[in-house]
Amino acid sequence: MSSASAAIPQPGRTKAFLRLVMIEHSVFALPFAYIAALTAMFEWDKNIHWGRLLLVTICMVGLRTFAMAVNRIIDREIDARNPRTAHRELVTGAMSVKHAWTGALIALVVFLASAALLNPLCLALAPIAVVPMVVYPYGKRFTNFPQAILGLAQAMGPIGGWLAITGEWSWDAVVLGLAVGIWIGGFDLIYACQDVETDREIGVMSVPARFGIPAAIRGARVCHVITTALFAWYAALTDAGAFFWLGLLIVAGAFVYEHTIVRPHDLSRLNRAFFSVNGFIGIALFVCALLDLLVRGLTV
């Protein structure tokens with residue numbers, strides 16, 4: 001009886017862990033790691049190196065999975081006090097802390113092993129990429145600007161994607177990383193607006209909780225203007241062609257739409273802005289960047 005009951009929950013725990021880390025949200029950052037990696041390949045020898053691209057994917061998913069799991073573990077008591085997050089797996093008991101830590105550590109090992117297979121510089125810098133992932137969930141306990149830490153964590157993706165291909169530092173990738181970090185930090189400002197009252201009540205720190213929802217929305221708009229400018233700078237640095245610039249126009253239009261449907265006194269469409277629009281931005285720019293590289297001579 002005991003052995004049977006031990007065997008049955010395993011698939012449930014796996015599904016619960018995947019829900020815990022919201023694995024599908026990899027769509028936000030992964031396309032930009034691909035843009036950086038494919039651009040590096042284009043500048044290197046104009047060939048797509050599928051093995052390296054697979055390792056970039058494994059690295060990105062592994063690190064993001066670790067980060068999300070640690071975030072949920074550290075925040076489980078805060079989540080329990082917030083009606084919006086009280087259904088999360090570590091609060092309801094669908095996932096134990098022990099199993100969450102097990103999944104997080106497996107993801108970390110996968111990330112480090114993939115980095116080691118890429119090149120020595122990726123392995124040497126991998127621990128640095130892990131640090132902001134662990135610091136971020138604590139950020140809301142000591143700063144009103146935890147989104148800045150989140151942005152720093154997300155900026156690692158494109159930089160890592162470039163390093164994975166060349167094994168050398170690239171300031172072009174840093175510009176793309178900053179664009180991604182400021183973009184994600186900006187839309188997290190919007191996302192945090194829905195928790196203002198609860199955050200103030202339980203002492204969670206954030207821009208909306210400290211300065212109010214209108215200030216957070218204005219801050220997000222500024223972030224997304226800067227993001228657009230950084231994308232344009234990256235395009236200029238890498239001599240991008242017409243398709244990339246078309247993608248940038250689409251992204252700018254998506255930003256305008258996002259800030260049209262989310263207003264300080266109307267957050268009813270916030271989830272559409274957060275999940276649908278931002279998911280679309282990543283995919284749209286990646287598709288346009290890929291088309292641009294292919295037209296310019298990248299060989300599949």
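FYI, it's all coordinate maths here, none of it is from the lab. The model shown is predicted, which means the values in this text are computed figures rather than measured ones. Cβ: placed from backbone, ideal geometry, glycine included. Neighbour counts: every protein chain shown.
Numbers below:
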quantity: Fluctuation leader among Pro264, Pro31, Pro83 - the chain, Gaussian network, Cα springs under 10 angstrom; calculated: Pro83
quantity: The chain: calculated mean residue ellipticity at 222 nm from DSSP helix runs of at least 4, using -39500 (n - 2.57); calculated: -25000 deg cm²/dmol
quantity: Straight-distance crosslink candidates among aspartates and glutamates, where the alpha carbon sits under 15 Å from Lys46 and sequence neighbours closer than 8 are dropped; calculated: Asp239, Asp292
quantity: Lys/Arg +1, Asp/Glu -1 at C-beta; segment 30-295 dipole; positive extreme among Leu105, Pro120, Ala284; calculated: Leu105
quantity: Centroid-to-centroid separation of segment 126-162 and segment 245-300 [C-alpha atoms, Å]; calculated: 22
quantity: Unit charges at the beta carbon, dipole of segment 30-295: most positive-side option, Gly181, Ala192, Ala37; calculated: Ala192
quantity: Most mobile of Ile106, Ile281, Ile159 in a GNM of the chain (Cα contacts under 10 Å); calculated: Ile106
quantity: Reachable aspartates and glutamates from Lys140, criterion Cα separation under 18 angstrom, eight or more residues apart if same chain; calculated: Asp75, Glu77, Asp79, Asp188, Asp195, Glu197, Asp199, Glu201
quantity: Structure-derived Cα extents along the principal axes in Å: which label, when the choices are (i) 72, 42, 37; (ii) 58, 52, 29; (iii) 57, 56, 30; calculated: (ii)
quantity: Most fluctuating residue given options Trp44, Trp245, Trp162, as computed from a GNM of the chain linking Cα atoms under 10 Å; calculated: Trp44
quantity: Charge dipole (debye, nearest 20) of the chain; +1 at Cβ of Lys and Arg, -1 at Cβ of Asp and Glu; calculated: 680
quantity: Estimated vicinal HN-Hα couplings, Hz - segment 65-73 in sequence order (Karplus 6.51, -1.76, 1.60; Gly, Pro = x); calculated: 4, 4, 4, 5, 5, 5, 4, 5, 5
